[in-house]
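Only one structure is covered here, and it is reproduced in the block below.
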Amino acid sequence: MLLNGNTDQFDIIVIGGGPAGMMAAGHAAERGAKVLLVEKTSRLGNKLLLTGGGKCNITNNSEIKDMIAAFGKDGKFLYKALTVFSNIDLIDFFGLRGVQMHSDPDGRVLPLNNNAEGVLAVLRTYLKENNVCILHNSTVTTIHYGSKNKDSIKGITLSNGSRMEATKLIIATGGKSYPATGSTGEGYEIARQSGHTITPLSPGLSALESNYSFIKDLQGLTLKDIVISVIIDGSKKCEEKGAILFTHFGVTGPIVLNLSGKIIDALSNKSKVELSLNLRPDYSTQEFDKILQKEFTSFGSRTVSQYFKKTLPSSLSSVFEKHCSQTSNKKCSLVSREERKAIAVYFTDFRIPIIGSRPIEEAMITRGGVSLKEINPQTMGSRRVMGLYFCGEMINISGITGGYNLQAAFSTGYLAGESV
Ligand SMILES: Cc1cc2nc3c(=O)[nH]c(=O)nc-3n(C[C@H](O)[C@H](O)[C@H](O)COP(=O)(O)OP(=O)(O)OC[C@H]3O[C@@H](n4cnc5c(N)ncnc54)[C@H](O)[C@@H]3O)c2cc1C
């Protein structure tokens, strides 16, 4: 349904009503263009409403250099977008429209009322105030070009055969994860048809699967403030401090999600990947062995099993007992040096083999997308087709958790809307 106006001729057509598309459409219209926003589903911002578990972690209060670092080696592509519409601009955008934000101790910025609905309501009002025409339940299938060699834009066709004309097109169709929200990855095919390269797609910020024999015994366990290291083919690649959550299939939690990209790349290269958990993060294995020696002395005639029960969550204590079945019934005072050292290793280098990630549909974001080499970072414009622009998750950028991905969607959307 066209909310405003009734013609099929526009200055700009935006495909996709997620955060990137809404910002692009609103800002382009604010600058005076006649804009049509086409959304496949019956509602704008389906995925936005799921963000931060419904609380919407909209951005991060970090400085621009940290913001860029959050996107890894490709982060500098976002420099212009994050400068033209920064995290401060985003917070002001919503603040001026009645949705105040607050930061949590980790720098994550969320609406004061922890509710994504208010954020979506602001964006809808922004579109309405700037007379953006919105077409719901409409899937764009094809782009029309101004010439045979596809170097300019003429318009689009919808799946029902309707045609709309515009010489400028912004594609903001998102990634492939959570397809029920409308983000099914069709935009990649549209971009491919226009001559763009799509770099390989894989799950981003994804939970990981393990074939560890006792994984189901640990389901539901959360270990906080531990050090998690990634071991690839036997050598340690990186470590992070924080929490890990065990599920029926493997592990998840913010740190696991952030490490998942590196791990998925290693697995696709057929490398062996393990997570090493240091449950006593202030100590190395040798240091903890000395502590264990003292603690076993003071535990005296009580058993190793009793020590595990006293010092570990119950499900983990049972798993440790299974691993140390030869020693768990021994009195602590009778444990040999070798046996104690083996126990110290479990506490400081507890290994969880990783065999894969959850499917892309369950990931938080999609890695890969329209090649950065083919997009001008100053404008978000295509280097192949005049009048074609890209923004949001469909571009080959992916950030860590903490509000960075929404900020990138809003910033690239704003820059596309400004440039177009
Ligand atoms: C569960 C979950 C929680 C998340 N939490 C956070 C968080 O707290 N903070 C954060 O920064 N990021 C978070 N993210 C990531 C963030 O939601 C995305 O990065 C962001 O939504 C991307 O915005 P986008 O506009 O590019 O794409 P999307 O939000 O995916 O929107 C794309 C839109 O395009 C439409 N569309 C697709 N194809 C077509 C077509 N052919 N024709 C017409 N319309 C089409 C879709 O229906 C959809 O509405 C989360 C993601 C998930 C799944």
Study note, to complete from the structure: Expected output for region 276-291 (first residue farther than 9 Å from ALA344 by Cβ and in the same structural domain as SER235 (by TED's automatic domain parsing), partner part of a helix (DSSP H, G or I) and among the hydroxyl-bearing types (Ser, Thr, Tyr), Cβ below 6 Å, 6+ apart or cross-chain) is ASN278/THR348
Study note, to complete from the structure: A careful count of residues in region 381-394 that are under 18 Å from ILE12 (Cβ atoms) and within 12 Å of the ligand (Cβ to nearest atom) gives 4
Exercise for review: Those residues that are hydroxyl-bearing (Ser, Thr, Tyr) and either assigned to a loop (DSSP other than H, G, I, E, B) or closer than 10 Å to LEU36 by Cβ (or both), I need them from region 155-175; list them, please.
Suggested key: SER159, SER162, THR167, THR173
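Looking at LYS294, LYS236, LYS272, can you tell me which residue is without any contact (Cβ under 8 Å) to a residue 12 or more places away in the chain and among the basic types (Lys, Arg)? It would help to see each step written out before you state the result.
Numbers: LYS236 fails: without any contact (Cβ under 8 Å) to a residue 12 or more places away in the chain; LYS272 fails: without any contact (Cβ under 8 Å) to a residue 12 or more places away in the chain.
Testing whether each residue is without any contact (Cβ under 8 Å) to a residue 12 or more places away in the chain and among the basic types (Lys, Arg) leaves just LYS294.
From SER371, SER411, SER398, SER382, grab the single residue that is assigned by TED's automatic domain parsing to the domain that holds LYS80, of a type in the set (Ser, Thr, Tyr) and within 20 Å of VAL256 (Cβ to Cβ).
Numbers: SER371 fails: within 20 Å of VAL256 (Cβ to Cβ); SER411 fails: within 20 Å of VAL256 (Cβ to Cβ); SER382 fails: within 20 Å of VAL256 (Cβ to Cβ).
Only one candidate qualifies: SER398.
For the subset of region 125-138 comprising residues that are in contact with a helix residue (DSSP H, G or I) (Cβ under 7 Å, 6 or more places away or on another chain) and in a loop (DSSP other than H, G, I, E, B), which member is nearest to the ligand (Cβ to nearest atom)? Spell out the reasoning first.
To start, the set of residues in region 125-138 that are in contact with a helix residue (DSSP H, G or I) (Cβ under 7 Å, 6 or more places away or on another chain) comprises 126-127, 130-132, 134.
Then drop every residue that is not in a loop (DSSP other than H, G, I, E, B), which leaves 130-132.
Values: ASN130: 18, ASN131: 20, VAL132: 14 Å.
The selected residue is VAL132.
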Review point. How about region 1-75: which helices (runs of 4 or more DSSP H) wholly inside it have at least 2 residues that are more than 14 Å from the ligand (Cβ to nearest atom) and on the phi < 0 side of the Ramachandran plot?
Key: 19-30, 64-69
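Matching residues to (1) of a type outside the set (A, V, I, L, M); (2) in contact (Cβ under 8 Å) with a residue 24 or more places away in the chain; (3) within 18 Å of ILE354 (Cα to Cα):
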residue	(1), (2), (3)
ASN160	yes, no, no
GLY175	yes, yes, no
PRO203	yes, yes, yes
ALA207	no, yes, yes
Exercise for review: Kindly provide the set of residues from region 318-338 that are among the acidic types (Asp, Glu) and in contact with a helix residue (DSSP H, G or I) (Cβ under 6 Å, 6 or more places away or on another chain), ordered by number.
Suggested key: GLU321
Check your understanding: Which one is nearest to LYS47 (Cα to Cα), of the residues in region 395-420 that are within 12 Å of the ligand (Cβ to nearest atom) and in a loop (DSSP other than H, G, I, E, B)?
Key -> GLY403
Review point. Which condition breaks for GLN326 when tested against (1) surrounded by fewer than 16 Cβ atoms within 10 Å (Cβ to Cβ); (2) of a type in the set (S, T, N, Q); (3) modelled with pLDDT of 95 or more?
Key: (3)
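For region 79-89, give me each residue that is part of a helix (DSSP H, G or I) and either among the polar types (S, T, N, Q) or under 16 Å from GLY368 (Cβ atoms) (or both). Give the derivation first.
First, pick out the residues of region 79-89 that are part of a helix (DSSP H, G or I): 79-84, 87-89.
Listed by number, the residues that qualify are THR83, ASN87.
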Study note, to complete from the structure: Of the conditions (1) within 16 Å of the ligand (Cβ to nearest atom); (2) of a type in the set (Gly, Ala, Ser); (3) not assigned by TED's automatic domain parsing to the domain that holds GLY72, the single one that GLY175 does not satisfy is (3)
Review point. Applying the selection to region 78-87, what residues are within 16 Å of the ligand (Cβ to nearest atom) and surrounded by fewer than 21 Cβ atoms within 10 Å (Cβ to Cβ)?
Key: SER86
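Filter region 175-206 down to the residues that are of a type outside the set (Ser, Thr, Tyr) and within 22 Å of GLY53 (Cα to Cα), then identify the one that is surrounded by the most Cβ atoms within 10 Å (Cβ to Cβ).
Initially, region 175-206 is screened for residues of a type outside the set (Ser, Thr, Tyr), giving 175-176, 179-180, 182, 185-187, 189-193, 195-196, 198, 200-201, 203-205.
With within 22 Å of GLY53 (Cα to Cα) added as a condition, the list becomes 175-176, 179-180, 182, 203-205.
Values: GLY175: 30, LYS176: 25, PRO179: 13, ALA180: 11, GLY182: 22, PRO203: 28, GLY204: 26, LEU205: 24.
The selected residue is GLY175.
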**Study point:** Which numbered condition GLU362 fails, given (1) crowded, with 18+ Cβ neighbours inside 10 Å; (2) closer than 22 Å to LEU48 by Cα
**Key:** (1)
Revision key, fill the gap. Checked region 213-245 for anything buried (at least 20 other Cβ atoms within 10 Å of the Cβ) and either farther than 16 Å from ASN278 by Cβ or assigned by TED's automatic domain parsing to the domain that holds GLY402 (or both); matches are LEU218
Review point. Among all residue pairs at least 6 apart or on different chains, which show Cβ distances below 6 Å where the first residue, located in region 109-128, is closer than 17 Å to LYS34 by Cα and the second is modelled with pLDDT of 95 or more?
Key: TYR126/GLY26; LEU127/GLY26
Check your understanding: Restricting the search to region 143-158, which residues are in contact (Cβ under 8 Å) with a residue 24 or more places away in the chain and either among the hydroxyl-bearing types (Ser, Thr, Tyr) or loosely packed, with under 12 Cβ neighbours inside 10 Å (or both)?
Key -> TYR145, SER152
Check your understanding: Given the structure, is VAL227 in contact with a Pro (Cβ under 9 Å, 6 or more places away or on another chain), aliphatic (A, V, I, L, M), in a strand (DSSP E or B) and at pLDDT 95 or above?
Key -> yes
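The values are calculated or read from the model by the stated rules, or taken from the named source; none is laboratory data. Model, not experiment: these values are computed from the prediction. Cβ coordinates were reconstructed from backbone atoms using ideal geometry, including for glycine residues, and neighbour counts include every protein chain displayed.
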